[in-house]
Amino acid sequence: MWADFEALSAIGSIGDGGVNRPSLSTAHLAARNWFASRIHDSGLELRIDSAGNHSAFLACDQPGAKTLLLGSHLDSVPHGGRYDGALGVLAAFEVLRVVKEMGERLLLHLEAIDFTDEEGTLVGELGSLAVAGNLREESLHSPRGGRAALVEGLARAGLSEAGLLAARRDPTSLAGYLELHIEQGKRLLNTSSKIGIVTAIVGITSCRVIFTGQADHAGTTALLDQRNALRGAAHFAIGFWEKLEQDFSRCVGNIGNLQVIPGVFNIVPERVEISVELRAPDISLLTRLEEMVNELSHRMAERFQLGVSVEWLDRAEPVQMDRIFQDVIVNACRDLGFAFQHMASYAGHDAQALASICPVGMIFVPSVGGYSHSPREYTDWQDCVNGANVLLEATLRLARGDLG
Ligand SMILES: [Zn+2]
């Protein structure tokens, strides 16, 4: 697993410990080709579905057996870390290789899957939503990464929108989904637990707030006469952070990008597009956050005599992890002697998309410094191995029908 991790980390490497493998980029497709060749070398079956999801498959000999999915994603955020997603795919792959070597007769087929576009460079949880049958055509028409990027990426990968929409699996064929992932926060480090057992994944919603004013000569137009879209956007941003701090301690929000148009020294900005993302552990809080963004943006538009529109993009509801799967992971930790704790995930994961069609569970390992979506992302290799062993134990319990 270490050799594979090193080889994979070199694909899309940006030289400072990080990787740049946005979904369906050349580097991401190179990582997928590498994964396909490793599956071939392992003697496991390679499967690629019409959403581009790449899998290693290990069949059991039980008639009518269901499939237990294990996996994560090989795409990264732009200039991201080596562990996010990659660890989960490689650990799942390693579990299949170990089970194959053991030669034990199990009750479930096992599949180690790399889901397309988990990170949302294009759509977000694209491959897992497709498998769950919950990919909506509207998401493809106005994806958060922009329509052009999606069309280009699909062409580069030889995929089609029709294929994405046809990748749904029969839920009765699935026994569940287990994912190992780095925590991406500091809670495990702060409590010295080795393993986090995820109870729920926060809901995530995103929107584009667009302020429109008027482009004018920046020298001759007095401040009071300006309809400056950036001025409204700046006050919106400050108000947004203040509201988060004061009223939403259990939630998180981010302003990740401002597009200022025309974006030059000597013209008053006519239009500003703001990318906003919101996360909350339950649905009522998520709705309150959305209301806050709507209210604040309209208030700032009025104050600075601007037009405003708020375009809501995809909303992923908060989801609960399966109780039995959580207990199976607890028992795996006890068997292996690892201190563990239950925790919510503030990051989105493919498990979220799959929870609507099958039981799901997630295993977290500590992130040094809590860094993620950054080249500083780091997890001790022993923790990666611990997590993989918990994944293996939990998989064996589920695939033996031993849930006690
Ligand atoms: Zn991830």
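Bear in mind these aren't lab numbers, they're just calculated from the coordinates by the rules spelled out. What you see is a predicted model; the values in this text were computed from it and never measured. Cβ sites come from the backbone with ideal geometry, for glycine too, and all protein chains shown count toward neighbours.
Observations on the model:
- Using the Cβ-Cβ distance between Ser309 and Thr221 with R0 = 25 Å, the FRET efficiency computed as 1/(1 + (r/R0)^6) comes to roughly 0.55.
- With the gyration tensor restricted to C-alpha atoms of the stretch 221-283, the semi-axes of the equivalent ellipsoid amount to 29, 13, 7 Å, longest first.
- GNM top mover of Gly239, Gly185, Gly219 - the chain, alpha-carbon springs below 10 Å: Gly219
- Placing dummy labels 7 Å off each Cα toward the beta-carbon, the span from Thr26 to Ala10 is 1.8 nm.
- Computed from the C-beta positions of Asn190 and Trp2 and an R0 of 22 Å, the FRET efficiency is 0.20 to the nearest 0.05.
- To the nearest ten degrees, helix 381-400 and the longest principal axis of the Cα atoms of the chain are 60 degrees apart.
- Over the chain, DSSP H runs of length four or greater, each weighted -39,500 (n - 2.57), average out per residue to a 222 nm ellipticity of -12000 deg cm²/dmol.
- From least to most packed, judged by other beta carbons within 10 angstrom and beginning with the fewest, Tyr83, Tyr371, Tyr177 follow the order Tyr371, Tyr83, Tyr177.
- For the stretch 1-150, the square roots a ≥ b ≥ c of the C-alpha gyration tensor eigenvalues yield an a/c of 1.5 or more together with a/b not exceeding b/c, which makes the shape oblate.
- Size descriptor for the stretch 183-238, Kirkwood hydrodynamic radius: 16.0 Å (Cα pairs only, one decimal).
- Helix 26-42 axis versus longest C-alpha principal axis of the chain: approximately 10°, rounded to the nearest ten.
- Take the chain and mark each of the trypsin sites (Lys or Arg not before Pro) that is in a DSSP loop with at most 11 other Cβ atoms within 10 Å; the longest unmarked stretch, sites excluded, is 137-404.
- For the stretch 94-139, radius of gyration divided by Kirkwood radius, i.e. Rg to Rh on alpha-carbons: 1.20
- Model label sites at Ile238 and Thr199, defined 7 Å from Cα along the beta-carbon direction, differ in position by 3.9 nm.
- In degrees, nearest ten, helix 323-336 long axis to first principal axis of the chain (Cα): 60
- A straight chain from Ile261 to His141 at 0.36 nm per residue would run longer than the Cα-Cα distance by 40.9 nm.
- Debye-formula intensities of the stretch 266-314, expressed as log10 I(q)/I(0) at q = 0.28 Å⁻¹, are -1.16 (one equal scatterer per alpha-carbon, no solvent).
- Rounded to the nearest whole angstrom, the semi-axes of the ellipsoid equivalent to the chain, taken from the Cα gyration tensor as √(5λ), stand at 41, 22, 19, largest first.
- Charge dipole of the chain about the Cα centre (unit charges at C-beta), most positive-ward option of Ala30, Cys333, Gln305: Gln305
- Fraction of the pair-distance distribution of the stretch 290-404 above 16 Å, Cα-Cα pairs, percent: 71
- Placing a label point 7 Å from the Cα of Ser275 along the Cα-to-Cβ direction, the residues of the stretch 78-98 whose backbone N falls under 11 Å of that point are 78.
- A Förster radius of 60 Å, combined with the Cβ-Cβ distance separating Asp170 from Ser249, puts the computed FRET efficiency at roughly 0.90.
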